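The structure appears below as structure tokens.
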Amino acid sequence: MTTPALLPLSGRRIPPLNLGPPSFPHHRATLRLSEKFILLLILSAFITLCFGAFFFLPDSSKHKRFDLGLEDVLIPHVDAGKGAKNPGVFLIHGPDEHRHREEEERLRNKIRADHEKALEEAKEKLKKSREEIRAEIQTEKNKVVQEMKTKEKKPLPAVPIPNLIGTHGGEPEDNDLREKREKIKEMMKHAWDNYRIYGWGHNELRPIARKGHSTNIFGSSQMGATIVDALDTLYIMGLHDEFRDGQKWIENNLDFSVNSEVSVFEVNIRFIGGLLAAYYLSGEEIFKIKAVQLAEKLLPAFNTPTGIPWAMVNLKSGVGRNWGWASAGSSILAEFGTLHMEFVHLSYLTGNPIYYKKVMHIRKLLQKMDRPNGLYPNYLNPRTGRWGQYHTSVGGLGDSFYEYLLKAWLMSDKTDHEARKMYDDAIEAIEKHLIRKSRGGLTFIGEWKNGHLEKKMGHLACFAGGMFVLGADGSRMDQAGHYLELGAEIARTCHESYDRTALKLGPESFKFDGAVEAVAVRQAEKYYILRPEVIETYWYLWRFTHDPRYREWGWEAALAIEKYCRVTGGFSGVKDVYSSTPTHDDVQQSFFLAETLKYLYLLFSSDDLLPLDHWVFNTEAHPLPVLHLANTTLSRNPAVR
Ligand code: DMJ
């Protein structure tokens with residue numbers, strides 16, 4: 001899914017986490033440190049005093065605030081006072097007042113006692129020699145360092161790791177195919193090496209300016225998005241030195257305790273998905289640990305009156321909010337509906353059911369809601385639980401929600417029937433209201449806007465060709481043939497959208513209007529930003545049909561990317577695919593390494609590399625193994641508490 005208005009950010013690097021033993025190079029520094037320590041003690045005693053005094057002030061409020069947990073937030077809040085602004089804060093009145101007074105008194109006494117104790121300790125400290133204080137500081141520091149190390153390395157509960165089949169290899173027998181595959185690997189090297197030189201640690205690369213780049217989806221921090229997103233592609237291509245390099249950066253630098261507001265969806269699909277895939281492929285614990293640490297930071301986003309998460313969350317404060325451009329303060333279907341795969345794996349790996357509960361809560365809520373014409377609108381208000389504008393799309397804002405319904409079923413080894421039913425229902429409504437054939441015979445997926453079909457299809461919606469063939473087996477009333485055909489028709493339409501341009505690369509969005517077919521009309525829709533969806537669909541169709549045309553089309557796209565997007569410093573998007581002299585946008589998107597190049601590589605590999613009956617790809621092309629557990633049995637897994 002896309003987010004309009006991606007703002008460039010100024011780059012601030014995360015200082016590397018220094019876990020080595022602290023050193024005291026010279027005496028002056030030591031003196032300053034101990035003096036600071038004493039001052040700190042006095043200051044903390046003073047703050048405690050002030051804090052205590054605050055509690056002795058007369059209580060002007062009759063109300064006491066309580067912060068409730070997620071389970072409680074469904075209790076309706078009738079007071080439209082101050083607390084109403086904060087969905088997690090409720091006011092309690094009347095009958096419990098006596099109990100609250102006693103509680104306050106107990107707290108005051110505790111603060112008084114703590115405050116006296118702190119003063120005593122400060123006095124004691126002042127009696128000590130500098131050496132003694134220095135030794136104490138050293139001991140404290142060592143303790144903290146030790147605690148941090150143990151926390152980082154704390155093993156997660158052992159779970160039966162699924163059968164990991166086809167994690168490497170896939171070399172085709174045919175010489176021509178081998179060469180093509182090698183070429184894609186070389187393109188990956190070019191993208192990675194330049195990022196390594198010019199953008200290392202930044203989220204993305206500006207291949208022409210040769211410096212780091214970021215957008216607001218990653219917040220204000222440099223979290224090495226390209227590193228995390230690229231890991232599994234490096235792994236399957238056998239680029240082991242590069243993989244280890246990325247792993248080292250993650251071990252030493254990837255830190256989520258930053259004051260940065262990130263997109264929950266993007267961070268989930270790129271970071272959690274990327275880390276989990278890297279963990280399953282390589283078996284390196286660090287990736288699992290980092291994925292879990294990050295997931296913890298996303299959980300506060302679910303603290304809304306309905307449990308539908310905010311689009312963005314501040315990783316440090318846990319405060320969430322929605323995009324300013326979204327209809328009536330709504331959360332976005334493709335965002336809150338694209339968490340399921342990663343969150344189920346997190347519960348599976350940690351034994352902690354919280355992640356599973358969060359996504360199942362979303363599913364249950366959606367199941368209960370009325371759907372206009374059976375369609376899911378793109379917008380849902382997390383405060384009221386009501387739909388926003390009645391817009392439905394299989395492209396931006398809607399896309400991966402449908403994808404994750406199907407993949408939840410596949411990932412559960414086809415036992416999550418609830419997910420399959422939701423997928424089948426949704427696809428039926430989409431076919432009825434959104435899918436049409438143009439005059440020239442091209443099947444397209446339009447966008448539904450308040451009861452009206454806009455005959456426009458986005459590049460993002462081209463992924464649906466792959467989704468239809470992936471879902472063919474197991475379809476309602478055994479319509480496998482129909483869905484294979486539908487997938488093939490979408491692939492053909494999307495190929496036409498590439499073929500009708502000067503660069504043989506597809507525009508962001510194309511129309512079907514009278515004589516205009518599969519062509520972008522507005523200047524603002526003519527760009528290609530290295531997106532994967534069309535190649536993704538070619539790959540799924542190749543795997544399910546083995547029709548050579550999909551390899552041919554994939555190769556056409558690879559050559560066009562090489563010719564028009566490759567620059568000395570990496571790969572760049574282009575601003576107008578209809579102009580034969582391309583202007584570059586100077587951004588190497590992280591999904592180019594995660595998805596576009598991975599799908600191309602798989603297209604020219606044999607089917608035993610990441611076979612689809614053992615792996616399910618998340619929406620950022622990160623492969624996750626099929627779990628032989630369903631939503632019904634996950635809670636019975638001994639590892640799940
Ligand atoms: C990727 O981040 C994912 O595929 C997402 O689901 C949609 N958009 C981009 C790539 O175009």
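Between V516 and any residue 5 or more places off or on another chain, the built amide H atoms are never under 5 Å apart. In terms of other Cβ atoms within 10 Å, E124, E536 run from fewest to most in the order E124, E536. Pairs of lysines in the range 386-476 whose Cα atoms sit within less than 24 Å of one another amount to 9, provided the residues are eight or more positions apart or on different chains. For H213, the residues 5 or more places off, or on other chains, whose built amide H falls under 5 Å of its own are N203, E204, L205, R206. Annotation: amide H-H contacts under 5 Å for S438 (H modelled 1.01 Å from N, sequence separation of 5 or more, or interchain): T443, F444. Per-residue extension of 0.36 nm, minus the Cα-Cα distance of H452 and R130, leaves a gain of 108.1 nm for this segment.
Whole-Hz Karplus values for the range 431-437 come out as 4, 5, 9, 10, 9, 9, 10 Hz, taken residue by residue from phi with 6.51 cos²θ - 1.76 cosθ + 1.60 and θ = phi - 60°; glycine and proline positions read x. For the range 393-410, backbone phi angles converted through the Karplus equation (6.51, -1.76, 1.60; θ = phi - 60°) give residue-by-residue couplings of 8, 9, x, x, 6, x, 2, 6, 4, 5, 4, 6, 5, 5, 6, 5, 5, 5 Hz, Gly and Pro being listed as x. At full extension, L107 and N163 could sit 14.8 nm farther apart than now, given 0.36 nm per residue minus the alpha carbon distance.
Available extension along the chain between E485 and L299 is 62.9 nm, counting 0.36 nm per residue and deducting the alpha carbon span. Based on Cα contacts under 8 Å between residues 6+ apart, the range 297-346 shows a relative contact order of 27 percent. Per-residue 3J(HN,Hα) values for the range 444-453, derived from phi via the Karplus relation 6.51 cos²θ - 1.76 cosθ + 1.60 with θ = phi - 60°, read 9, 10, x, 10, 8, 10, 6, x, 10, 9 Hz in sequence order (x marks Gly and Pro). Under 14 Å between alpha carbons, and skipping anything fewer than 8 positions from K504 in its own chain: which aspartates and glutamates qualify? Partners found: E496, E552, E556, E562, D576. Cβ crowding within 10 Å ranks T226, T384, T501 as T384, T501, T226, fewest other Cβ atoms first.
Sparsely packed loop sites in the range 358-415 (the trypsin sites (Lys or Arg not before Pro) outside DSSP H, G, I, E and B with at most 16 other Cβ atoms within 10 Å) comprise R383, R386, K414.
For E562, the shell of other residues with beta-carbons less than 15 Å away shows a net charge of +4, using +1 for Lys and Arg and -1 for Asp and Glu.
Readers should treat all values here as calculations from the given coordinates under stated rules, not as data from a laboratory. None of these values were measured; they are calculated from a predicted model. Virtual Cβ from ideal backbone geometry, glycine too; neighbours counted across all protein chains shown.
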